[in-house]
Amino acid sequence: MTPIERLFSLEQFGIKLGLDNIRIILAALGHPERAWPSIHIGGTNGKGSVAAMVERGLRAAGLTTGRYTSPHLDRIEERVAINGEAVDSATFESVTADVFDVVDSLLEGSLPGRSLGEGRPTFFEVSTAIAFEIFKRAGVDVAVVEVGLGGRFDATNVLTPAITAITSIAFDHEKHLGHTLSEIAFEKAGIAKRGVPLVIGRLPAEAAARIAKVAREVEAPLFDAHATTDRKYPPLTPALPGRHQLENAAVAIAILERWSTLVGHIPTEAIVTGLTDCEWPARLEWLRVPPNGELLIDAAHNPAGATALASYLQDTGSKKLPIVFAAMADKDLTNMIGALAPIASAFIATTVPHARARTADQLASEIRRLTSVPVEAAASPEAAVARALEQSKRAVACGSIYMIGPLRARLIEGGATRL
């Protein structure tokens, strides 16, 4: 079994929130997370986009950057980027092997005074340790780190960052984070640290109040990204499309301004570059699909994401389009389809080979109960796209990133290009 295969084998252990294992692993590695300053970004939606903007702005200012995001689209190396580029496979595999050597020593109890007390580490815990070790070896000036799930007990929350941020609060992962916005906000606010600025985006009142309470309790200065700005900016159009990206851009600006004040100067031109010259694939991304189709792909995997996608199509005056859709079994299908149905001419339900995925037939049956829009099933995402483009020159593919990422890669391999 290769190191990468072994890493993926850890997925069988599922999600386990807690910091004990990751702290033990990082200590055994010599604390790579202390080798570089960091910016820690949480939130329900938008955290990946904000991470992309912030990283690009820091790089434009001349800093060597690391960026850790999850999940990946098609290749696990995409989670770990140096200066905006995914690390090469050889580096990722080599560091993965080294981290597993440490994990094995901990499991065997051969490191004096150190052992993993909660059993085998999870996929995300080991992935996080790998990313942090890669950043240390690369000698990055700063790492932009996206929270994986929640915040308080997420493996990334071992950081002592220079700045933290919460982009948005909405319903998702209720099983782990709670069933009210206040409960979810409390978990997200767990990344707040004493004396560390916490930047917040536009939040529901209930969530904002809970985060403000946590910030007061831990003595974290709170900065509303929409309240003030330290600078004057020229008229600009964010590189990432959609009304919601204007909200994300405000958070990115506030983070970069805080960094400039507290850590090192970031020129206004670099901040502008961060907003206008960044890439974040599979977020409202149009592909030209041979021979003459156009497909909008978007990782709208929860109700808030589906609403943002629908708003984008409505804002651009699009006619109703066929929608290729896949979703995990634990997702709020009712509210996702409720958001998407007004912009759908048809749904083509499909699936992905994942233990938590709804099957195509199951998904189609559930969608039919929620809308009068025509619904059919297709066994594979590629077949679903082909069927959608038979119905219309333009179509949409959205839902689970486990579907969107591999589909995007296969389409590009087949000759699709970005519009």
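The values are calculated or read from the model by the stated rules, or taken from the named source; none is laboratory data. Not measured: the values here are computed from a predicted model. Glycine gets a Cβ as well: all are built from the backbone with ideal geometry, and neighbour counts include every protein chain shown. All accessible areas refer to the heavy atoms of the entire protein, side chains included, with ligands and DNA or RNA removed. Shrake-Rupley method; radii C 1.70, N 1.55, O 1.52, S 1.80 Å.
Some notes on this structure:
- Unmet criterion (only one of (1) open to solvent by less than 60 Å² (accessible area, probe 1.4 Å); (2) at pLDDT 95 or above; (3) within 26 Å of the chain's Cα centre (by Cα)) for Arg410: (1)
- Selected residue (criterion: least open to solvent (accessible area, probe 1.4 Å)) from residues of the range 301-330 that are assigned to a loop (DSSP other than H, G, I, E, B) and closer than 22 Å to Asn248 by Cβ: Asn302
- Of the helices (runs of 4 or more DSSP H) contained entirely in the range 1-69, those carrying at least 3 residues that are open to solvent by less than 10 Å² (accessible area, probe 1.4 Å) and farther than 18 Å from Thr91 by Cβ fall at 20-28, 47-60.
- Looking across Val263, Val251, one residue alone is touching a strand residue (DSSP E or B) at 6+ places or on another chain (Cβ under 9 Å) and surrounded by fewer than 23 Cβ atoms within 10 Å (Cβ to Cβ). It is Val263.
To keep it simple, each residue is scored yes or no on (1) on the phi < 0 side of the Ramachandran plot; (2) assigned to a helix (DSSP H, G or I); (3) among the aliphatic types (A, V, I, L, M).
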residue: Ser94; (1), (2), (3): yes, yes, no
residue: Val102; (1), (2), (3): yes, yes, yes
residue: Pro121; (1), (2), (3): yes, no, no
residue: Glu125; (1), (2), (3): yes, yes, no
residue: Arg137; (1), (2), (3): yes, yes, no
residue: Phe153; (1), (2), (3): yes, no, no
residue: Thr156; (1), (2), (3): yes, yes, no
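- Hits in the range 337-382 - residues which are acidic (Asp, Glu), over 17 Å from Arg394 (Cα atoms) and in contact with a Lys or Arg (Cβ under 9 Å, 6 or more places away or on another chain): Glu366, Glu376
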